[in-house]
Every structure is written in C-alpha cells, then in structure tokens.
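Here the structure is laid out as structure tokens; the discussion comes afterwards.
Nothing in this text is a laboratory measurement; each read-out follows from the coordinates by a stated rule. Note that this is a predicted model, so its numbers are computed, not measured. All Cβ positions, glycine included, derive from the backbone under ideal geometry; neighbour counts span all protein chains shown.
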Amino acid sequence: LCSIENSTNIKELVQSGAMQGWNCENGNANPNDYCHGKWTGIECNNDGDNALNYPFNESVKSVDLKDLKIEGTLPDVLTLLYHTEGFDVSGNKLYGTMPGIGSKDNLKSLDLSDNYFAGTIPSDFDDLHNLTVVSIGIVTV
C-alpha cells in the first residue's frame with residue numbers, strides 16, 4: 001500500500017481531506033491503521049484485532065480506490081496482496097504500464113478501467129482462474 005502512496009498523489013489527497021489515513025511512516029503501513037477502517041478504500045479480512053496476527057499481504061481483502069482523482073503510476077502491488085478478492089482503481093488518472101497481478105486464487109474482481117495505462121496486458125492475467133469480473137475499459141494498449 002505504501003508503494004501506491006509513494007507513486008501517486010495520495011498524500012496530497014489526504015492533506016486536502018479527499019481521502020483519510022494513508023500514512024506510511026518510514027515506508028511501512030501499520031495494520032492498526034489500515035485494518036480498522038481508517039484508510040480510504042482498504043478492507044481487511046479481519047476488521048477486529050485478529051488482523052494484527054496476519055502479515056500485511058494476507059490481511060487486505062479489497063482495495064477500492066475508484067473515482068478518487070488519484071494520479072500517478074500503479075506499482076505491481078497486487079503481486080504482494082495474496083488474499084485480495086477485489087481491486088478497483090477505475091476512474092482515476094493512473095498511467096504507465098498495466099500492473100502485474102501474479103497468480104491470485106482469491107482475486108474475483110479487477111477494475112482498471114478509465115485510466116491511461118499503456119502497453120500489453122500482462123501474461124499473468126492468464127493465471128486468474130477465479131476472476132469473475134474484469135474491466136480494463138478505456139485503456140491505451
């Protein structure tokens with residue numbers, strides 16, 4: 001999550017009040033912050049104290065950052081989010097290459113539409129066996 005914050009304008013959106021949370025001290029996110037509803041768009045597998053017993057990559061259930069006016073590049077963060085079921089960054093101003101996904105057995109919904117990604121669709125999309133909803137919409141490929 002911190003790599004998303006560092007490669008976009010999320011810090012400015014938090015400062016303006018358009019988003020909440022998203023504070024990465026020394027490049028690390030604290031589960032006490034992002035797993036208790038304090039970060040805009042982040043839902044964890046366990047919203048209670050059990051979330052703290054899971055490593056970051058197992059605790060994030062979904063990332064929903066649609067239509068938040070986020071600008072910048074999107075790193076291959078999904079390759080680190082092993083148990084994420086939904087990832088939606090549609091309707092922003094993200095650009096660069098389409099992010100790698102990695103092999104995700106849990107990913108059911110992916111929306112990258114209405115951004116400015118370029119290049120080819122990553123080959124790891126072939127490994128998304130449980131993906132039921134995918135939208136890449138208006139993307140320059």
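Between residue 7 and residue 118, 0.36 nm times their residue separation minus their Cα-Cα distance comes to what?
Length difference between fully extended and current span is 38.3 nm.
Would you grab the residues whose amide H sits under 5 Å from the one on residue 68? Only those 5+ places off in sequence or on another chain, please, with H modelled 1.01 Å from N.
Those qualifying (amide H under 5 Å, at least 5 residues apart or on another chain) number zero.
Count charges around residue 67 for me, please; just the other residues with Cβ under 14 Å from its Cβ, Lys/Arg as +1, Asp/Glu as -1.
-2
If we count every other residue with Cβ under 11 angstrom of residue 133's Cβ, Lys/Arg +1 and Asp/Glu -1, where does the sum land?
Local net charge: -2.
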